[in-house]
Amino acid sequence: VSSDAPVAAPREHHAIKLIVAWYPNTDYTEGREQRRKIITHPDKEIPRFLWNLFDASYLHPQKEVKLDSPYLSPAVASDEVLQLLPEEILMYTCEWDELVEEGKRLKDRVKKLGKKIKYKMIEGVPHGWDKNPNPFKVDPIAQEVYAEACKEIRRVFHGGPGLVH
């Protein structure tokens, strides 16, 4: 989707009912160096070559991407645009992740707009903590939060009380 695409849509036509975001990038206008300053455990930081790979993958062609696009950086979108998000949002961030602060800021903004957001910061873990290359080594915390997210998705599709925020 082009960053020039219109972002307004009639409220009654929302097809998306729930967003589940796992340690999301929400503000590309804030550079990597600025983001790295908030990391409390630099030894747990994702290697720079991986961030470079992610940026090259998501921001292509890099010199032409509008970093303040609401599609790429919802944290800097107007309140009017954020009102178009689904009423319910589930967001997980990581304590030792350079994206944690921007995730918290977006959580606070959408909550002020009246969205129902369930936010959980997973303590003591870095970005990508739940991705283990060994399929036989299961992280119990990952299982717990995945089950929680699946429960919310099931509720949205099959009915039940809304998110408690």
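The values are calculated or read from the model by the stated rules, or taken from the named source; none is laboratory data. Keep in mind it's a predicted model, so treat the numbers as computed, not measured. Here the Cβ positions follow ideal geometry from the backbone for every residue, glycine too, while neighbour counts run over all protein chains shown. Just the protein is used for accessible areas: all its heavy atoms, side chains included, with ligands, DNA and RNA removed. Shrake-Rupley method; radii C 1.70, N 1.55, O 1.52, S 1.80 Å.
Which members of region 106-119 meet the condition of being open to solvent by 50 Å² or more (accessible area, probe 1.4 Å) and under 21 Å from ALA149 (Cα atoms)? Within region 106-119, ASP108, LYS111, LYS116, LYS118, TYR119 qualify.
Only one entry in ALA21, ALA15, ALA75 is touching a Lys or Arg at 6+ places or on another chain (Cβ under 7 Å) and either open to solvent by 50 Å² or more (accessible area, probe 1.4 Å) or at pLDDT 90 or above (or both), namely ALA75. Assess whether ASP139 counts as being of a type outside the set (A, V, I, L, M, F, W, C), at pLDDT below 95 and open to solvent by less than 30 Å² (accessible area, probe 1.4 Å). The answer is no for ASP139.
Suppose we keep only residues that are open to solvent by less than 30 Å² (accessible area, probe 1.4 Å) and in a loop (DSSP other than H, G, I, E, B) within region 27-59. Which one would you say is farthest from ALA77 (Cα to Cα)? Among those residues, the one meeting the criterion is ILE46.
Residues are listed down the side, and each one gets a yes or a no for (1) in a helix (DSSP H, G or I); (2) touching a residue at least 24 places away in the same chain (Cβ under 8 Å):
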| site | (1), (2) |
| --- | --- |
| GLY124 | no, yes |
| LYS131 | no, no |
| ILE141 | yes, no |
| TYR146 | yes, no |
| CYS150 | yes, no |
| ARG154 | yes, no |
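Taking the condition at positive phi, at pLDDT below 95, of a type outside the set (A, V, I, L, M) and open to solvent by 40 Å² or more (accessible area, probe 1.4 Å), does GLY159 pass? Spelling it out, GLY159 is indeed at positive phi, at pLDDT below 95, of a type outside the set (A, V, I, L, M) and open to solvent by 40 Å² or more (accessible area, probe 1.4 Å).
Do you know which residues across region 74-120 are over 22 Å from THR29 (Cβ atoms) and of a type outside the set (Lys, Arg)?
PRO86, GLU87, GLU88, LEU90, TYR92, GLU95, TRP96, GLY114
Beta carbons closer than 7 Å, at least 6 apart along the sequence or on distinct chains, pair a first residue in region 60-84 that is touching a residue at least 24 places away in the same chain (Cβ under 8 Å) and part of a helix (DSSP H, G or I) with a second that is open to solvent by 40 Å² or more (accessible area, probe 1.4 Å) and among the charged types (D, E, K, R) for ALA75/ARG105; VAL76/ASP68; LEU82/ARG109. Of everything listed in (1) in contact with a Leu (Cβ under 8 Å, 6 or more places away or on another chain); (2) open to solvent by 30 Å² or more (accessible area, probe 1.4 Å); (3) under 26 Å from GLU152 (Cβ atoms), the single unmet condition for ILE89 is (2).
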